[in-house]
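Peer 1: The structure that follows is given in the form of structure tokens.
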Protein chains: 2
Amino acid sequence: MAIAATEPTSVRAFGPAAALSCRECGERYDLTPRFACEFCFGPLEVAYDFGAVTRADIESGPANIWRYRHLLPVPENVAELPNMNPGLTPLVKADRLAAELGLASLHIKDDSGNPTHSFKDRVVAIAVEAARNFGFTTLSCSSTGNLAGAVGAAAARAGFQSCVFIPAGLEEAKVVMAAVYGGRVVAIDGNYDDVNRFCSELIGDPAGEGWGFVNVNLRPYYGEGSKTLAYEIAEQLGWRLPEQIVIPIASGSQLTKIDKGFQELIKLGLVEDRPYKVFGAQATGCSPVAQAWDKGLDVIQPVKPDTIAKSLAIGNPADGPYVLDIARRTGGSVEHVGDDEVVEAISLLARTEGIFAETAGGVTTGVLRKLVREGRLDPGAETVVLNTGDGLKTLNAVSAGVTATVKPSLKAFAEAGLA
Amino acid sequence: MAIAATEPTSVRAFGPAAALSCRECGERYDLTPRFACEFCFGPLEVAYDFGAVTRADIESGPANIWRYRHLLPVPENVAELPNMNPGLTPLVKADRLAAELGLASLHIKDDSGNPTHSFKDRVVAIAVEAARNFGFTTLSCSSTGNLAGAVGAAAARAGFQSCVFIPAGLEEAKVVMAAVYGGRVVAIDGNYDDVNRFCSELIGDPAGEGWGFVNVNLRPYYGEGSKTLAYEIAEQLGWRLPEQIVIPIASGSQLTKIDKGFQELIKLGLVEDRPYKVFGAQATGCSPVAQAWDKGLDVIQPVKPDTIAKSLAIGNPADGPYVLDIARRTGGSVEHVGDDEVVEAISLLARTEGIFAETAGGVTTGVLRKLVREGRLDPGAETVVLNTGDGLKTLNAVSAGVTATVKPSLKAFAEAGLA
């Protein structure tokens, strides 16, 4: 087509994405590796010129996030490029958990089925395409653990170098998973917020040249990956928005992008425009957004995290204020549960649905239970809860073990009281 | 329909399955919970009356193994029943590993994306439907670890009690994953073969009444789950059989069922009938089938397992002789690699493709590399290698860790030689 030939390569490389735009003041920028507005320092996000997108277009696509490529900042041929191809994880009809909690309709969106077993594969997959377009040679990130594994794996698959930054003292499984792909893993003597600050400095330093930090200078692209959770939930419900959804809050980006995804589906006419309530979930030991919610504030007071839910342990969540807006706008709320409730909820979810969640899934399931108990969730409304990670990465949070050890005989079995 | 109404319920509950038939003497039995021929003690397998099955029938099904329900002993409405719904895991185009090994076309079938992160979810899903049909109330198994987790999860999801048996001394992650779903986990003081013998005794004992042992009295149904690997590989290659495939051997059942699946696809006209070579892979420390192959024997000499590849540590593999037959018939072979090569291969796969395999995936990748190096695999032929499990369950096999721990400053980063 004549029109296509006149488009600059950089635009077509980002598919339907048209520009970066400031979430605060609306200022627009070219699609470049930048993340903050030069005028008001607001966060930048991807703005699109969507053409017509039909359910059939999507349903005929691959069984991963690239079925939504016409709604993402990626090229048309993205499915042919080396990438981890995450997504289309199960939306589990959780009838046994629903019965135990007294809910009419409950689904778990179980993102532990992604390649490195957390939702982070979604956001990294988009960042990888941006890094490729910008000619970066090293992939990097600040991470509470899951992201480091996702970046390490994606870099290996796509042929990038990698160097990821984590706080010292993370779970062993997360450290090994970050390192096994052969990239560098640097532990920072501090918490996640220290790691994040360090990465921001490194971007301005010659040592960081040619590096794509997926959640810093590639953040506008990266964040779009979370929209695919919204798309999948709606498609898997039969092209319908849930009436209530419980989402974990770390930086808050995931929650805001799921809301963005739902809004896009409505605007494109892919789902009916009906109300949905968004509930944010934090662990009490790192609950700055829930605390602001409780106090009716618009600003977030940073905290020092102290919780077993390390993947949510961001004391100064960048998107916290937007989370508060969305919870207010939709009639939801932001809640927190203590570590004991997190552990209980992990067991509850495992026992009723056969899903072994990491601590973040214990936080959302725990908040779900709390909301039901306190009568703040409509038990008759269609509800979705996110499990964003895998219990194998937070083994120490649960104390499950063998019931008994016996010799291989029926007599020993009976004597142990097991028969 | 009048015809449907006259069919006995038990037949329709098993979909296209018509009977059990003895692999040795062909004797047929009703679809009941039995596993050995009364006449010749040969293993029983499911025999079918397939109707016409088209690619379109399959492609319009759900994104899990139930898309192949017309080829499995499950009811037509199986996708609506509570089950883990495994399958349709990625077939990864492994161009970087192929380049490193000098292969023209290589794919990894990565089954770590299943709900409990091993291929065992496939076989258990079929056994669950059989257990439901037979009215069992407890799900059980003898397991090297992965199966215990798959049974625990599936029992929780489907509302069965569970009691699983494992050898003492398994990897922590496998023990926790077996136990977290709330069922009983009994460690047997012995190796897998001791566990297996114990379970066979328990079936005949009142203590085992009402128990469905997925890999003992439900074994004929259970085994059929492995056929879905064959179906998926063919469908994901664009309805084509691979020319070479490398499959791990524990009991040997998986390899024989993948061959059965390929043969069914040919007979149903769903793929072209072209030759394929099947290569079996074992760890040297438990390689009774490879040893029989090397010696040109038809019988398997049991061994005492001593390898880090615990999920393949079956010293007396029931389907060993059938594996030998298939390797001979197809022009493949049965190979083994030592534990050092297994560890190297885990790193190789992680570094080139971003796939973190458990030790069993190290065995298949290691055998692939060995076959290429020794000129016994055609480097120009389309090759598929299976990764049947997840590195998070065998963390101790790899020694990956942080590159360095530094304070959060550019100076500290530079001084550590990282800049």
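Read-outs: derived from the displayed coordinates by stated rules, not from any lab. What you see is a predicted model, and the numbers here were worked out from it, not measured in a lab. Reconstructed Cβ throughout: ideal geometry from the backbone, glycine too, with neighbour counts over all protein chains shown.
Peer 1: Pull up the cross-link candidates among the aspartates and glutamates for residue A:304, meaning alpha carbon to alpha carbon under 16 Å and not fewer than 8 places away within one chain.
Peer 2: Answer for residue A:304, where 16 Å is the Cα cut-off: A:189, A:193, A:194, A:339, listed by chain and number.
Peer 1: Here's something else I'd like to know. Determine the dipole magnitude for region A:333-387: charges of +1 sit on the beta-carbon of Lys and Arg, -1 on that of Asp and Glu, nothing else is charged, the reference point is the Cα centre, and the result goes in debye to the nearest 20.
Peer 2: With only Lys, Arg, Asp and Glu charged at Cβ, the dipole is about 120 debye.
Peer 1: Show the residues, 5+ positions off or on another chain, whose built amide H is closer than 5 Å to the amide H of residue A:19.
Peer 2: When sequence neighbours closer than 5 places are left aside, the close amide H contacts are A:47.
Peer 1: Which aspartates and glutamates have a Cα less than 17 Å from the Cα of residue B:93, not counting those fewer than 8 places away in the same chain?
Peer 2: Result set, ordered by chain and number: A:80, B:110, B:111, B:232, B:235, B:243, B:353, B:382.
Peer 1: Still on this structure, please answer the following. Could you go through region A:273-289 in sequence order and give the Karplus-derived ³J(HN,Hα) for each residue, using 6.51 cos²θ - 1.76 cosθ + 1.60 with θ = phi - 60°, rounded to whole Hz, and x for Gly and Pro?
Peer 2: So the Karplus estimates, Gly and Pro as x, are 7, 10, x, 9, 9, 9, 10, x, 10, 10, 7, 3, x, 8, 10, x, 6 Hz.
Peer 1: Right, next: Set Lys and Arg Cβ to +1 and Asp and Glu Cβ to -1, take the dipole of chain A about its Cα centre, and tell me which of A:305, A:391, A:21 lies farthest positive.
Peer 2: It is A:391.
Peer 1: Same structure again: Mind jotting down a quarter of the surface of the convex hull over the alpha carbons of region B:264-319, in square nanometres, one decimal?
Peer 2: Its average projected convex-hull area is 5.3 nm².
Peer 1: Starting from the exponent 0.38 and prefactor 2.2 Å, build the expected Rg for chain B from its residue count and divide its actual Cα Rg by it.
Peer 2: Ratio of Cα Rg to 2.2 N^0.38 Å: 0.98.
Peer 1: If you don't mind, another one. Under the Karplus relation 6.51 cos²θ - 1.76 cosθ + 1.60, θ = phi - 60°, what is the ordered set of whole-Hz ³J(HN,Hα) values for region A:81-89, x standing for Gly and Pro?
Peer 2: Karplus-based 3J(HN,Hα) across region A:81-89 equals 8, x, 7, 6, 6, x, x, 6, 6 Hz.
Peer 1: Next question, about the same structure. Averaged across the residues of B:182-189, what count of C-beta atoms belonging to other chains lies within 10 Å of each residue's C-beta?
Peer 2: Average per residue, whole number: 6.
Peer 1: Report, largest value first, the span of the C-alpha coordinates of region B:262-419 along each principal axis, in whole Å.
Peer 2: Reported extents, whole Å, longest axis first: 66, 40, 28.
Peer 1: Looking only at region A:194-217, which residues have a backbone nitrogen under 19 Å from a spot 7 Å from the Cα of residue A:161 in the C-beta direction?
Peer 2: Within reach of a label on residue A:161, which here means backbone N under 19 Å from a point 7 Å along Cα→Cβ, region A:194-217 contributes A:199-217.
Peer 1: For the ranges B:109-122, A:312-325, what's the packing order if you count other beta-carbon atoms within 10 Å of each residue, average per peptide, and put the highest first?
Peer 2: Top to bottom by mean Cβ count within 10 Å: B:109-122, A:312-325.
Peer 1: Take the Cα coordinates of region B:140-245, assign each an equal point scatterer, and use the Debye formula without solvent to give log10 I(q)/I(0) at q = 0.11, 0.12, 0.14 Å⁻¹.
Peer 2: Those come out to -0.41, -0.47, -0.61, one per q.
Peer 1: Which whole number gives the average, over all residues in A:406-414, of C-beta atoms from other chains lying within 10 Å of the residue C-beta?
Peer 2: Mean partner shielding for this stretch: 6.
Peer 1: Still on this structure, I have one more. Find, among the GluC sites (Glu not before Pro) in region B:271-346, those assigned to loop by DSSP (not H, G, I, E, B) with at most 16 other beta-carbon atoms within 10 angstrom.
Peer 2: B:272
Peer 1: I'd like the projected area of region A:189-307, averaged over all directions, using the convex hull of its alpha carbons. Report it in nm² with one decimal.
Peer 2: Mean orientational projected area (region A:189-307, Cα hull): 9.6 nm².
Peer 1: Next up: For the protein assembly as shown, just the Cα set please: Rg and Dmax, both in angstrom.
Peer 2: For the protein assembly as shown, the Cα radius of gyration and maximum Cα-Cα distance read 26.2, 85 Å.
Peer 1: With viscosity set to 1.567 mPa s and temperature to 4 °C, compute the Stokes-Einstein D of region B:352-402, Rh being the Kirkwood radius across alpha carbon pairs; µm²/s, no decimals.
Peer 2: In µm²/s, the coefficient is 106.
Peer 1: Hey, got the average number of other protein chain Cβ atoms within 10 angstrom for residues in B:204-210?
Peer 2: 2
Peer 1: Tell me which residues come under 5 Å, amide H to amide H, from residue B:107 once H is placed; ignore anything under 5 positions away on its chain.
Peer 2: B:94, B:383, B:384, B:385
Peer 1: Right, here's the next one. List the residues whose amide H sits under 5 Å from the amide H of residue B:162, counting only those 5 or more places along or on another chain, with H placed 1.01 Å from N in the peptide plane.
Peer 2: B:139, B:184
Peer 1: Name the residue farthest towards the positive end of the dipole of chain B from the options B:318, B:414, B:192, assuming +1 on Cβ of Lys and Arg, -1 on Cβ of Asp and Glu, about the Cα centre.
Peer 2: Going by the charge dipole, the pick is B:414.
Peer 1: Just to be sure I understand: if I project the alpha-carbon convex hull of region A:70-164 onto a plane and average over all orientations, what area do I get in nm²?
Peer 2: Result: 7.5 nm².
Peer 1: In the structure displayed, which of A:260/A:310; A:109/A:257; A:174/A:227; A:120/A:393; B:227/B:277 lie more than 20 Å apart, Cα to Cα?
Peer 2: Those over the limit are A:260/A:310; A:174/A:227.
Peer 1: On to the next question. Rounded to whole Hz and in sequence order, give me ³J(HN,Hα) for region B:357-367 from the Karplus expression 6.51 cos²θ - 1.76 cosθ + 1.60, θ = phi - 60°, writing x for Gly and Pro.
Peer 2: Running phi through 6.51 cos²θ - 1.76 cosθ + 1.60 with θ = phi - 60° gives 8, 7, 4, 4, x, x, 5, 5, 5, x, 5 Hz.
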